[in-house]
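Structure record follows, encoded as structure tokens.
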Ligand code: CDP
Ligand code: CDP
């Protein structure tokens, strides 16, 4: 079994999940989308009408929620307490509220524990915001994936158009900037590049080119490890 542990962090729309899925499959390690975990809690809080600043209720929910990932050919399905929420956690409503929920210390503690448990059992490629700094500070590979905010907003815009969702490019750009600022300035495990992370700027790079570069970095770390 491949025991490599890869931390892939960076801002919204950098290409983390697209790249992570493919590279994890090629390496034969589990893919853990930690953003989906924070989205799942946010989705459940919205469903239950829990106030997004009600720290006690969010804390309790984060410690009892059951989140499962099931890899499928084209995507990774996400389940909350047995119910499939793969699409439900990607709505604008969840996206615009997830930063507030993920800033709650108790929520982060619960998720970091789950993430470390997974990584203690298997090789992983984990994508998120604090993987290289907090979740897996001893990861074999740390990558900070980024791109200009214009490129990231354009990618999200295209993604929405492809899904047939009408949206405004400037609005998407403003939402991304606001979420990045919130994630980077929160008190508990803010989004920040680990000092020892390799920076890969994907502005103007094709998905295939990014996958090739990340895979090469991981393969070289794997060769050193064995
Ligand atoms: O896919 P996108 O970049 O839009 O976001 P995501 O990776 O699904 O993450 C959604 C949100 O979850 C982020 O904006 C952060 O607020 C939070 N998050 C976090 O705090 N820590 C992580 N390790 C991953 C995500
Ligand atoms: O997970 P994260 O928010 O970092 O980004 P993503 O959801 O993987 O990628 C956002 C969008 O950008 C997706 O629609 C990708 O297909 C697209 N993308 C791209 O056009 N070029 C890249 N080099 C990487 C991603």
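Please treat every number below as a calculation from the coordinates, not as lab data. These numbers come from a predicted model, not from an experiment. Glycine also receives a Cβ, built like all others from the backbone with ideal geometry; neighbour counts cover every protein chain displayed.
Odds and ends about this structure:
- Max mean-square fluctuation residue, GNM over the chain, Cα-Cα springs under 10 Å, options 161, 46, 136: 161
- Rg to Rh, two decimals, where the stretch 67-126 supplies the alpha carbon set and Rh follows Kirkwood: 0.99
- Pairs of alpha carbons in the stretch 108-192 whose separation is greater than 21 Å (percent): 46
- DSSP-defined beta bridges in the chain - what % are antiparallel, rounded to 5: 30
- For the stretch 1-95, relative contact order (Cα pairs under 8 Å, six or more residues apart, normalised by length) works out to 21 percent.
- For 163, 16, 44, 193, order by how many other beta-carbon atoms lie within 10 Å, fewest first: 163, 193, 44, 16
- Each of 43, 144 has some number of other Cβ atoms within 10 Å of its Cβ, and from fewest to most they run 144, 43.
- Modelled this way, with points 7 Å down the Cα-to-C-beta line, the labels at residue 140 and residue 184 are 3.1 nm from one another.
- Cα-projected label distance for residue 25 with residue 196, points at 7 Å along beta-carbon direction, nm: 3.1
- Put in line by how crowded their Cβ is, counting other Cβ atoms within 10 Å and starting with the fewest, 68, 180 read 68, 180.
- If a spin label sat at a point 7 angstrom from the Cα of residue 162 along the line to its beta carbon, the backbone N atoms of the stretch 172-209 nearer than 12 Å would be those of 207-208.
- CD proxy at 222 nm, helix term only [per DSSP H run n ≥ 4: -39500 (n - 2.57); per residue of the chain; nearest 500]: -16500 deg cm²/dmol
- Backbone N within the stretch 73-91 under 19 Å of label point (7 Å from residue 57 Cα along the Cβ vector): 81
- Relative contact order, percent, the chain [alpha-carbon distance under 8 Å, six or more residues apart]: 32
- Distribution of pairwise C-alpha distances over the stretch 178-226, 5 Å bins, in %: 4, 16, 15, 17, 20, 15, 10, 3, 0
- Calculated translational diffusion coefficient of the stretch 5-221 (4 °C, 1.567 mPa s; Stokes-Einstein with Kirkwood radius over alpha-carbon pairs) equals 74 µm²/s.
- The modelled label-to-label distance between residue 83 and residue 2, using points 7 Å beyond Cα along the C-beta direction, is 3.5 nm.
- Relative contact order (percent, whole number), the stretch 97-226, Cα cutoff 8 Å, 6+ residue spacing: 34
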